[in-house]
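Okay, structure first, notes after.
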Amino acid sequence: MERPSWDEYFMQIAHVVAERATCPRRSVGAAIVTDKRILTTGYNGAPRGLAHCAEVGCHMVAGHCIRALHAEQNAILQAAMNGVSTNGATIYVTCQPCNHCAKMIINAGIQRVVFQGDYPDAFALELFAEAGTLLDRFFEGQTETVNLTEYRP
């Protein structure tokens, strides 16, 4: 029996979390981890207690749905709501974070981002580089550190 690596394990969990997403434009999942323990998870969807995109439709502005929070935002907010420190943690995300999420990840003290799918936001990569956040791309069961001076989504 071959066990998945820790990165593969947590990325699989992020994909399961993404199945809860309620915005039909994109299903994204995130898991924040410290010392091989899951702290919180999040998926993209409307704020707690409000109607989801799947129920009332997306609210589109400049090509983006502004009704839904992003998976990374929800995972960070869950930590804040429950008094859980994310300082020094790793976040696993099924898609490269946007620049808004990158700023939240940096301010939450998260030190490493492992992502799988692309998202066309080069500024997010600049923010991670400037902050010294480690960025790893996950594919085919492996992670590879992203060279932020060369990588473009």
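The values are calculated or read from the model by the stated rules, or taken from the named source; none is laboratory data. Quick caveat: nothing in here was measured; it's all calculated off a predicted structure. Don't worry about glycine lacking a Cβ; one is built from the backbone with ideal geometry, like all the others, and counts go over all protein chains shown. Protein only, heavy atoms only, side chains kept; ligands, DNA and RNA dropped before computing areas. Shrake-Rupley method; radii C 1.70, N 1.55, O 1.52, S 1.80 Å.
For the stretch 78-115, the set of residues classified as within 12 Å of the chain's Cα centre (by Cα) and assigned to a loop (DSSP other than H, G, I, E, B) consists of Q96, P97, C98, I110, listed by residue number. Quick one: in the stretch 62-77, which of the residues that are open to solvent by 70 Å² or more (accessible area, probe 1.4 Å) and not in a loop (DSSP other than H, G, I, E, B) is modelled with the lowest pLDDT? For the stretch 62-77, the residue satisfying everything is H64.
Checked against (1) open to solvent by 20 Å² or more (accessible area, probe 1.4 Å); (2) within 21 Å of D118 (Cα to Cα); (3) among the small types (G, A, S); (4) in contact (Cβ under 8 Å) with a residue 24 or more places away in the chain, S85 passes all but a single condition, namely (2).
When the stretch 16-55 is examined, which residues are found to be over 20 Å from G117 (Cβ atoms) and either open to solvent by less than 90 Å² (accessible area, probe 1.4 Å) or touching a strand residue (DSSP E or B) at 6+ places or on another chain (Cβ under 7 Å) (or both)?
T34, I38, L39, T40, A46, P47, G49, A51, H52, A54, listed by residue number.
Please work out if G29 is of a type in the set (G, A, S) and either under 18 Å from G88 (Cβ atoms) or free of Cβ contacts under 8 Å to residues at least 24 places away in the same chain (or both). No; evaluated as a whole, the condition is false for this residue.
Is it the case that the stretch 120-136 has a residue that's part of a helix (DSSP H, G or I), among the charged types (D, E, K, R), more than 15 Å from A14 (Cβ to Cβ) and at pLDDT below 95? Yes, the stretch 120-136 contains at least one residue that is part of a helix (DSSP H, G or I), among the charged types (D, E, K, R), more than 15 Å from A14 (Cβ to Cβ) and at pLDDT below 95. Of the listed requirements (1) touching a residue at least 12 places away in the same chain (Cβ under 8 Å); (2) within 26 Å of D136 (Cα to Cα), C58 misses just one: (2).
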